[in-house]
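Below is one structure; the comments refer to it alone.
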Amino acid sequence: MEKLRFVMVLHNHQPVGNDPRIIEEVAQASYRPLLTALESVPWLRHALHVSGPLLIWMESADHAYLDRLGTMVARGQVELLTGGHYEPILAAIPSADRVAQVEGLSDRIERRFGVRPQGLWLTERVWEPQIVPDLVAAGVRYVFMDDRAFIAAGIPRDQLTAHFLTEEGGERLIVFPLDQRLRNLIPWAPPEEAGAYLAGLAAAGHRVAVFGDDGEKFGAWPETHEKVYGGGWLKGFLAVLERLADRVETWRPGDVVATTPPAGLCYLPNSSYSEMEEWALPPAHAAEIARLRDRVGADAERFAPFIRGSHWKHFFIRYPEANRAHKKMLALRARLPRGRRWLSAWDELYAAQCNDGYWHGWFGGVYLPLLRHQTWIRLARVERALRRGQGVELEQLDLDLDGHPEVWAHSGGFSALLSPHLGGTLVEWTDLRRTVNVLNVLTRRLEWYHAKLRGTDPACLVAAPGQQPPDAREALAYDVWDRASFRDRFLGGPPSAQALAYRALEELGDFAEAPYRLTMESNGVVLTREGMVRTPSGPRLIGLRKTIHFDARGRIAAAYRLAAGDGETFAQWFGVELNVFLPGLVDGLGEIRVDRQRLDPGMPGAASGSACILREGAAGSREIRIAWSRPAEVAMSPIRTVAQTERGLEMTCQGHGLVVAWPVRLPTDGDWSVEISARIAGRE
């Protein structure tokens, strides 16, 4: 009887710019002990993908690991796989970048290990047929994709113990189905269960079974280190494989391709793994899928490939912050010259394509300020190189590709984006020298697992694993609008810090997210609108004129003028909402002061004054200085989200929100005005 060829594929990855201390912890918990266990059994052959960011870290921090891995590669025990160098979602980047990213990692592997990979680990297993020609152009012969994609394409489950060919435009690529049953068993079920499943496949005459999953599941995921190593799971699994040696043999995927013909042609639909497709859905839709799965009951596994979620790119719809960064990357890319002088800038652009900060599922992803900040650091470096020595320029274009034009203001020192159709707000303000987007503040939104936390729909969604902060339920709050600055607010009284923190401030006007008329000027814009404001005596027509100007260093000068549009007196509170992100401040390092009054960055607070300083770290660190021409009441609050991570639910500070407000009394024949200035200062 021919032996079953068991292909084991492991994927190790760390995001661009991740904290080196975190990477070291994962290396100690997973990467090193797993390598030690596998190198002790030279008869076990497998494939390994080490992402570019992790490989770069290892080249500087763990030469011993790479040397040991190189020995295993040289003796034929390990086949190294390539991927996008900075682990982008290949379907979400331009065609030429796919080729460059894959060739970049293949080149790095070849320089270090002397072999050039032929197989590729597909980031988050996001498949679109259009990537096929680019992978072939980059020298890739085969990839791995979840078996559910094959089943959804019409291939019976019992025919998936083989590899298949696909093509796009005549360019051919081999695709291995990843066995979902093996993913469910390894390393979660007792080793004997995985062994019995493999033995059953061998007895039924199947040729190939492929397991592929994250290497971090072998020690770095919560509670797995004790299970896999201390509890003996891995030792037991290797013993099971050794006992099955007469029926099951471990193979590298390249050896399978070299010796076994493909089972035939296949055309896979756009897809990813099932969880990813559901995470990309709006929460209500994800809940509907969960209810459908409950209705299907015992047949859920049978019909799972046909219960489809959304496309990965829908994360750009769910999180406009991610879309804005992605489209900024595309806009910079379109303006970036080629040539040796620009190689460093292109590398930074590729690093900005790293997937981790653009989506959210069981992991923090876009909810982790560090990951978003790392994306904006790379974009700032690209733009700094592109705009060196330039003065203030303004472009009107649809940068985020949502069908509405924005105003892109920039110079050699800053880059900013204004959205006239969204309340005339500022949605990006990047200091190119200090490489920080101080509007990198994530909006508080409903997530699918919040229903479980609130107890409003306990049956429809799976429980979030791991820990849960005791005050997480009370901290749930959702923003009415996306977080931005220079949002115009009409209030019934002085702004409440508690309302800012835990519920929306009551809005009496219709200006906050309404479209403004735009007039472009040489170094700024004029935004005007006439709208209604509710008052005790009924709705009133108010005219608002807002000018925003920039200097070459990115300083902002905003001037407001209000006028009663119906010829009667008007008395109400007017406020301007501002949002601020400083990396150290969200981590609790720094201070906030209104005039001489100190506000605790970790708590909602209020003060009166004419200026505000938000500083991260000690004196001399990056800071934002804001001043206004009239004494005002100020409400401040940290913006906290409750989000799922691999450790469970976590509360995270995403930035700080402020509302600066004044009592306004408009005479019948007059107007009211205030000026606001803002600048970024401190170390570069």
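Inspect the range 226-233 for any residue being in the same structural domain as His13 (by TED's automatic domain parsing), in contact (Cβ under 8 Å) with a residue 40 or more places away in the chain and of a type in the set (Ser, Thr, Tyr) and give the result as yes or no. Yes, because at least one residue in the range 226-233 is in the same structural domain as His13 (by TED's automatic domain parsing), in contact (Cβ under 8 Å) with a residue 40 or more places away in the chain and of a type in the set (Ser, Thr, Tyr).
On inspection, Tyr350 does not qualify as hydroxyl-bearing (Ser, Thr, Tyr) and under 24 Å from Pro638 (Cβ atoms). I'd like to know if the range 450-473 contains one or more residues that are assigned to a loop (DSSP other than H, G, I, E, B), among the basic types (Lys, Arg) and either at pLDDT below 85 or crowded, with 19+ Cβ neighbours inside 10 Å (or both). Looking through the range 450-473, none of the residues is assigned to a loop (DSSP other than H, G, I, E, B), among the basic types (Lys, Arg) and either at pLDDT below 85 or crowded, with 19+ Cβ neighbours inside 10 Å (or both).
Just name the residue that is farthest from the chain's Cα centre (by Cα) out of those in the range 74-95 that are among the hydrophobic types (A, V, I, L, M, F, W, C) and either surrounded by 18 or more Cβ atoms within 10 Å (Cβ to Cβ) or not assigned by TED's automatic domain parsing to the domain that holds Glu25 (or both). Explain how you work it out, then say what you get.
Here is the first cut: in the range 74-95, the residues among the hydrophobic types (A, V, I, L, M, F, W, C) are 74, 78, 80-81, 89-93.
Restricting the remaining residues to those that are either surrounded by 18 or more Cβ atoms within 10 Å (Cβ to Cβ) or not assigned by TED's automatic domain parsing to the domain that holds Glu25 (or both) gives 78, 80-81, 89-93.
Working: Val78: 31, Leu80: 26, Leu81: 24, Ile89: 11, Leu90: 15, Ala91: 15, Ala92: 13, Ile93: 15 Å.
This residue is Val78.
Starting from the range 139-158, take each residue that is buried (at least 20 other Cβ atoms within 10 Å of the Cβ) and list its partners that are acidic (Asp, Glu) and outside any helix (DSSP H, G or I), counting only C-beta distances under 8 angstrom and pairs at least six apart or across chains. Hits for this filter: Asp147/Asp179.
Could we say that Ala661 is under 22 Å from Tyr502 (Cβ atoms) and in contact with a Lys or Arg (Cβ under 9 Å, 6 or more places away or on another chain) here? Judged against the criteria, Ala661 is a match.
Restricting to the range 367-393, name every residue that is within 19 Å of Val580 (Cα to Cα) and of a type in the set (Val, Ile, Thr). Walk me through how you get there before you give the answer.
Here is the first cut: in the range 367-393, the residues within 19 Å of Val580 (Cα to Cα) are 367-377, 379-380.
Selection gives Thr375, Ile377.
Of the set (1) in contact (Cβ under 8 Å) with a residue 24 or more places away in the chain; (2) surrounded by fewer than 19 Cβ atoms within 10 Å (Cβ to Cβ); (3) out of contact with any helix residue (DSSP H, G or I) (no Cβ under 8 Å at 6 or more places or on another chain), all apply to Gly389 but (1). Of everything in the range 127-138 that is surrounded by 22 or more Cβ atoms within 10 Å (Cβ to Cβ) and under 18 Å from Gly104 (Cβ atoms), the residue that is nearest to the chain's Cα centre (by Cα) is Ile131.
Among all positions in the range 55-72, there is no residue which is touching a Cys at 6+ places or on another chain (Cβ under 9 Å) and either among the hydrophobic types (A, V, I, L, M, F, W, C) or surrounded by 15 or more Cβ atoms within 10 Å (Cβ to Cβ) (or both). Taking the criterion of being over 15 Å from the mean Cα position of the chain (by Cα) and outside any helix (DSSP H, G or I), would at least one residue in the range 298-307 satisfy it? Among the residues of the range 298-307, at least one is over 15 Å from the mean Cα position of the chain (by Cα) and outside any helix (DSSP H, G or I), which makes the answer yes.
Across the range 363-399, what is the total count of residues that are among the small types (Gly, Ala, Ser) and under 20 Å from His13 (Cα atoms)?
Just the residues of the range 363-399 that are among the small types (Gly, Ala, Ser), to begin with: 364-365, 380, 385, 389, 391.
Now restrict to residues that are under 20 Å from His13 (Cα atoms): 364-365.
Looking only at that region, the number is 2.
Give Ala322, Ala284 a once-over and let me know the one that is exposed (fewer than 14 other Cβ atoms within 10 Å of the Cβ) and either modelled with pLDDT of 90 or more or more than 24 Å from Thr375 (Cβ to Cβ) (or both). Exactly one of Ala322, Ala284 is exposed (fewer than 14 other Cβ atoms within 10 Å of the Cβ) and either modelled with pLDDT of 90 or more or more than 24 Å from Thr375 (Cβ to Cβ) (or both), namely Ala284.
Rundown of residues vs (1) surrounded by 15 or more Cβ atoms within 10 Å (Cβ to Cβ); (2) among the aliphatic types (A, V, I, L, M), yes/no style:
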residue: Val240; (1), (2): yes, yes
residue: Val248; (1), (2): yes, yes
residue: Pro261; (1), (2): no, no
residue: Cys266; (1), (2): yes, no
residue: Ile289; (1), (2): yes, yes
residue: Asp299; (1), (2): no, no
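Would you check if Arg555 is over 26 Å from His656 (Cα atoms), under 39 Å from the mean Cα position of the chain (by Cα) and at pLDDT 95 or above? Break it down stepwise before answering.
On the way: over 26 Å from His656 (Cα atoms): no; under 39 Å from the mean Cα position of the chain (by Cα): yes; at pLDDT 95 or above: yes.
So Arg555 fails the test.
Counting only residues that are within 20 Å of the chain's Cα centre (by Cα), touching a residue at least 24 places away in the same chain (Cβ under 8 Å) and over 15 Å from Arg324 (Cα atoms), the range 334-355 holds 3 of them. Can we say Ala286 is of a type outside the set (S, T, N, Q) and out of contact with any Gly (no Cβ under 8 Å at 6 or more places or on another chain)? So Ala286 fails the test.
Restricting attention to the range 218-238, the residues that are among the charged types (D, E, K, R), under 20 Å from Ser40 (Cα atoms) and within 32 Å of the chain's Cα centre (by Cα) add up to 2.
Are any residues in the range 102-126 hydrophobic (A, V, I, L, M, F, W, C) and over 25 Å from the mean Cα position of the chain (by Cα), and if so, which ones?
Ile109, Phe113, Val115
Of the set (1) without any contact (Cβ under 8 Å) to a residue 40 or more places away in the chain; (2) among the hydroxyl-bearing types (Ser, Thr, Tyr); (3) surrounded by fewer than 23 Cβ atoms within 10 Å (Cβ to Cβ), all apply to Thr166 but (1). Filtering the range 392-409 down to residues that are over 12 Å from Ser522 (Cα atoms) and charged (D, E, K, R), which residue is surrounded by the most Cβ atoms within 10 Å (Cβ to Cβ)? Taking the candidates together, the pick is Glu406.
The values are calculated or read from the model by the stated rules, or taken from the named source; none is laboratory data. In this text, all values refer to a predicted model and were calculated from it rather than measured experimentally. As a convention, Cβ positions derive from the backbone with ideal geometry for all residues, glycine included, and neighbour counts pool all protein chains shown.
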